[in-house]
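> What follows is a structure written as structure tokens; I'll ask about it next.
Just so you know, all these numbers are worked out from the coordinates, no wet-lab data involved. As the structure is a computational prediction, the values presented were derived from the model and not from experiment. Note that we place each Cβ from the backbone using ideal geometry, even for glycine, and neighbour counts take in every protein chain shown.
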């Protein structure tokens with residue numbers, strides 16, 4: 001028998017060495033050795049890169065650190081440090097604090113563990129070939145570009161909500177996810193809670209009869225209430241903050257402290273207001289239960305001052321879904337900024353609406369799910385006492401992050417994957433489109449992605465991007 005060449009012998013030794021190191025937790029064997037492009041064996045750790053390490057990004061990272069079969073190996077963010085003590089995160093965030101948190105977590109298991117640290121996520125994608133997946137927790141305006149770049153690089157993607165900043169982007173992200181067959185998940189984490197699944201089962205089982213009306217409300221308003229336009233002048237740029245990179249596909253603006261670290265949601269060029277922030281959470285139950293697709297019309301009115309640059313303090317408006325296929329007619333009313341529906345007659349006279357909830361009005365009574373995705377509460381109380389709890393028809397989740405990791409390892413698709421996430425995002429962004437046009441009523445041509453008779457809406461349906469940030 002012919003003796004192996006020194007080159008083959010060396011290759012074998014390197015393979016054995018790599019396998020041993022993997023078992024010790026220092027590295028993971030290349031996926032192609034085990035089972036082809038994008039393959040992650042069920043027994044393997046999933047190498048995850050974090051893109052966006054602000055308040056939500058750091059919080060998402062902490063959730064992945066809880067999973068023993070995930071290893072966070074790289075972080076990219078144009079900002080090194082944010083003090084978020086004055087915001088709901090009540091913490092420090094940014095690239096530096098997030099890297100420090102990760103390294104402290106792994107220190108006990110892997111001494112001298114170091115996270116690869118980048119300002120530019122594109123450099124991370126180029127250099128970190130061992131990454132299996134990325135988590136995108138950036139501001140809304142860069143979601144689509146990052147998700148598309150990552151999927152085209154063969155990475156599984158978890159992206160915060162709304163999935164994209166405009167409707168064309170939602171369609172493009174959905175298309176590429178379908179083409180690449182990668183595991184995806186949108187970050188509307190309440191979608192994986194038991195409560196929303198119970199609510200969907202109650203609605204589908206007809207506990208309150210046929211539902212023709214839904215209401216969704218959130219207390220969220222504008223972060224900077226006194227805004228009446230873009231901030232004038234410019235502020236001192238924070239140390240170690242790449243403002244140009246942070247702006248991504250948007251036309252460059254002079255830096256102002258009003259734009260960051262959380263208040264970017266007030267500005268249409270970066271965020272989508274309260275509706276964009278919460279629509280994918282609080283319209284989720286209705287979309288899921290009734291398999292809602294494109295509405296026939298949408299009209300959302302601003303409550304308080306808004307213009308072509310800034311979102312309003314609050315909102316109230318109406319989605320009209322017509323019968324199509326298995327979708328029955330439904331009118332959905334959206335409220336934000338503290339606005340709520342009138343007290344329904346099925347409720348006790350001393351009842352006070354939760355600050356955030358969804359309500360479904362049926363022929364027999366109503367269902368309220370407190371907080372957007374909590375367990376269903378049936379009214380009137382007489383009906384509640386007589387109902388039979390519906391049979392469980394929707395599998396319960398092992399966790400929003402867990403389900404995505406399981407999908408990466410060959411399990412069933414995560415339930416808020418980009419096919420569903422893009423549809424829910426498009427419904428949300430149609431309301432944002434109406435708002436950005438000053439409360440104009442949108443008659444939606446879903447097939448052609450057009451607002452009927454409103455060519456001026458095109459610039460919001462597919463926004464222009466600066467050179468070098470093209471997405472198609």
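> Please arrange 51, 196, 316 by how many other C-beta atoms lie within 10 Å of their C-beta, fewest to most.
Working: 51 29, 196 26, 316 20.
In increasing order of surrounding Cβ atoms, one gets 316, 196, 51.
> With angles folded into 0 to 90 degrees, how steeply does helix 273-282 sit against the dominant principal axis of the chain? Use alpha carbons for both and round to 10.
That works out to roughly 90 degrees.
> Rounded, prolate or oblate for the range 310-434? Axes are the square roots of the Cα gyration tensor eigenvalues, ordered a ≥ b ≥ c, and the cut-off for rounded is a/c under 1.5. Spell out each step's value before the answer.
Working: a/c = 1.77, a/b = 1.22, b/c = 1.45.
It is oblate, given that a/c is not under 1.5 and a/b is not larger than b/c.
> Specify the angular offset, from 0 to 90 degrees and rounded to the nearest 10, of the alpha carbon long axis of helix 143-152 from the longest principal axis of the alpha carbons in the chain.
Computed tilt is about 40 degrees.
> Fewest to most neighbouring Cβ within 10 Å: what's the order for 124, 269? Display every interim value, and only then the final one.
Values: 124 23, 269 19.
Going from least to most buried by this count: 269, 124.
> May I ask for the angle, rounded to the nearest 10°, between helix 55-64 and the longest principal axis of the chain, with both axes built from Cα atoms and the value confined to 0 to 90°?
Between the helix axis and the principal axis of the chain, the angle is about 60 degrees.
> Something else: What Kirkwood Rh does the chain have if only Cα atoms enter the pairwise 1/r average? Answer in Å.
Numbers: mean 1/r = 0.0423 Å⁻¹.
The Cα-based Kirkwood calculation yields 23.7 Å.
> For the chain, give the share of DSSP beta bridges that are antiparallel, in percent and rounded to the nearest 5; count only bridges with both residues there.
Numbers: 37 of 62 bridges.
Taking every DSSP beta bridge within the chain, about 60 percent pair in antiparallel fashion.
> Counting other beta carbons within 10 Å of each residue's own, what order do 236, 119, 98, 138 fall into, fewest first? Intermediate results must be reported in sequence, preceding the final value.
Values: 236 7, 119 17, 98 28, 138 25.
By the 10 Å Cβ count, ascending: 236, 119, 138, 98.
> What Rg and what Dmax come out for the range 12-190 when only alpha-carbon atoms are used, in angstroms?
Answer for the range 12-190, Rg first and Dmax second: 16.4, 56 Å.
> Let me ask you something else. If each DSSP helix of 4+ residues adds -39,500 (n - 2.57) and the sum is divided by the residues in the chain, what number results at 222 nm, nearest 500 deg cm²/dmol? Mind showing how you got there, number by number?
On the way: 15 runs with 146 residues, N = 472.
The helix-only estimate for the chain comes to -9000 deg cm²/dmol at 222 nm.
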